[in-house]
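For reference, the structure is listed below as structure tokens.
Values in this text are rule-based calculations from the coordinates and carry no lab data. Predicted model only: the values in this text are computed from it and were never measured. Please note: Cβ atoms are built from the backbone with ideal geometry, for glycine as well, and neighbour counts cover all protein chains shown.
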Amino acid sequence: MARPGTEDSPLRVAIIGAGPAGFYAAEQILKDAETHAQVDLFDRLPTPYGLVRGGVAPDHPKIKSVTRVYERTAAKEGFRFFGNVEVGRDLAVRDFERHYHAIIYTFGAEADRELGIPGEDLPGSHAATAFVGWYNAHPDYADRDFRLDDVKRAVVIGNGNVAMDVGRMLALDHDELRRTDVADHAIDRLEASTVEEIVILGRRGPAQAAYTNPEIREMGELEEADVIVDPAEIELDPASRAYIESEEADKTARNNVEIVNGFAANEPDGRPKRLVMRFLASPVEIRGGDRVESIVIGRNELIDDDGTLRARDTGEREELSCDLVLRSVGYTGIPLRGIPFDEKRGTILNQNGRVLESHEGDHRTGHYTAGWIKRGPSGVIGTNKKCAKETVDHLLDDVGTGSLLDPPDPEPAAIETLLAERGADFVTFAGWQAIDRVEVGRGEPHGRPRVKFVRVEEMLDAATETASG
């Protein structure tokens with residue numbers, strides 16, 4: 001085939017997944033001065049931005065401002081957005097292979113990891129991913145039922161940023177909620193909440209916690225909740241103390257320990273809610289009849305396993321009454337039919353972003369991946385920029401060696417024609433901007449950044465009517 005990347009033969013790239021990794025990959029491709037490229041970014045939702053829209057906590061508007069960077073990418077020549085297009089429903093992988101020189105999979109890790117303990121599926125035990133999607137107006141979770149008006153104690157399992165977000169959302173003051181873009185249905189339930197205590201369980205110590213400094217620091221700034229930490233649970237074992245006091249210690253880990261020690265030293269102010277941080281504690285069983293009634297907690301100790309401190313069950317048990325359990329022990333990817341998948345890691349099988357045919361196999365020509373579905377659910381939003389750059393660097397290297405797909409029909413109009421033939425009601429970036437304007441307009445009378453649509457049908461109506469008007 002003729003080498004793509006020239007004005008006469010542009011490099012055609014399809015990116016599947018319009019979250020941060022997808023936009024950063026598009027940015028890296030389109031800014032390459034030596035390559036004339038056209039990028040089509042697909043997402044199964046009518047709205048772009050992935051977890052920035054559907055995962056970032058509503059009371060964190062500054063984090064969401066990163067979308068301005070993505071808007072600049074969307075404005076570049078050669079960029080197109082195709083929202084409301086689902087692989088497997090509207091298009092198959094073979095369709096992308098017919099129309100593009102390269103495909104980059106950036107659709108994230110949207111399933112939750114399971115605890116694997118008895119009682120995990122009892123009513124009142126939920127994945128934190130579902131709870132986050134519910135209060136963030138994600139269409140997949142709009143119909144979930146999170147009753148909070150008969151809950152006294154909630155237990156959040158996990159020690160990452162999502163667990164902190166979930167705990168904080170349960171503790172926020174009603175006025176604080178009303179100033180955010182939290183889903184209307186969630187505002188009603190959260191305001192009716194009877195939660196008095198939120199217990200957050202971490203299986204290791206504060207030196208190993210996965211949350212970032214701002215997330216844990218915010219817990220101490222809640223107007224409605226006292227943060228409670230038992231000093232005995234945060235006493236560092238010798239290995240953790242040696243690490244924290246060493247020059248090799250990660251700054252984030254050192255600060256996390258200091259912040260939690262500060263919480264432990266504070267006297268409660270008698271606020272309406274208690275947010276209890278527990279460490280070296282793992283769920284062993286969730287008990288109940290028709291719904292969650294209690295959780296059995298195992299006490300852990302840390303052991304050195306080839307230089308890594310791991311939690312080991314001591315056999316000590318404690319049963320804690322509770323009415324709600326939210327499990328936040330990580331995300332995992334969902335396999336895409338026809339694409340090699342690493343079941344153990346929950347990612348697309350790849351080497352530094354190049355998709356592999358098998359663990360010992362070669363690179364699958366023209367197929368790449370970036371973001372969580374490449375590396376697993378780690379890092380913050382900005383981590384995806386470096387991750388996407390690594391992948392795109394390999395893709396551009398493959399442009400130079402001619403190691404790409406040879407699509408029989410790479411014309412830009414071809415994919416639009418195919419989608420029209422299949423009855424796909426796709427949303428362009430202008431259509432998304434129309435949705436955005438309506439949502440922002442709905443929020444203005446209430447002093448809110450936006451009032452989100454929670455139904456795909458409503459989004460499609462807004463995209464069509466406003467764009468045509």
Practice item. Rank 177, 66, 332 by how far each Cα sits towards the positive end of the charge dipole of the chain (+1 on Lys, Arg Cβ; -1 on Asp, Glu Cβ) and give me just the farthest. Key: 66
Revision key, fill the gap. Placing each pseudo-label 7 Å from Cα in the direction of the beta carbon, residue 390 and residue 147 end up separated by a distance in nanometres of 4.7
Revision key, fill the gap. extent check for segment 113-331: Cα max minus min per principal axis, descending, whole Å, gives 48, 37, 33
Review point. How far is it, in nm, from the label point at residue 184 to the one at residue 465 when both lie 7 Å from their Cα along the line to the Cβ?
Key: 1.3
**Study point:** Efficiency of FRET from Cβ geometry, residue 318 and residue 111, R₀ 35 Å, rounded to 0.05
**Key:** 0.70
Point to revise | Modelled label reach - residue 8, point 7 Å along Cα→Cβ, segment 34-48 residues with backbone N closer than 18 Å | key: 35-38
Study note, to complete from the structure: In nm, the gap between the two label points placed 7 Å beyond Cα toward Cβ at residue 223 and residue 362 is 6.3
Practice item. With a cut-off of 15 Å, note down the residues of segment 300-323 whose backbone N falls inside the zone around a label point 7 Å from the Cα of residue 242 toward its beta carbon. Key: 302-310
Point to revise | Amide H partners (placed H, <5 Å) of residue 366, local residues excluded | key: 405
Revision key, fill the gap. Per the rule of 0.36 nm per residue minus the C-alpha distance, extending residue 191 to residue 344 adds in nm 51.1 nm
Review point. Using the per-residue mean of other Cβ atoms lying within 10 Å as a proxy for protection, in what order, highest first, do the peptides 169-176, 15-22, 122-129 fall?
Key: 15-22, 122-129, 169-176
Practice item. Could you pull out every residue, at least 5 positions away or on a different chain, whose amide H is within less than 5 Å of the one on residue 287? Hs are placed 1.01 Å off N in the peptide plane, and Pro or chain starts have none. Key: 293, 294, 295, 296
Review point. Hull surface divided by four, with the convex hull built on the Cα atoms of the chain: how many nm²?
Key: 24.2
Review point. Taking the mean number of other Cβ atoms within 10 Å as a proxy for protection, how do you rank 47-57, 208-218, 153-163 from highest to lowest?
Key: 153-163, 47-57, 208-218
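Would you work out the relative contact order for the chain, in percent, from Cα pairs under 8 angstrom that are 6 or more residues apart? Don't skip to the answer; put the middle values down first.
Values: 953 pairs, mean separation 100.8, N = 469.
Once normalised by length, the contact order is 21 percent.
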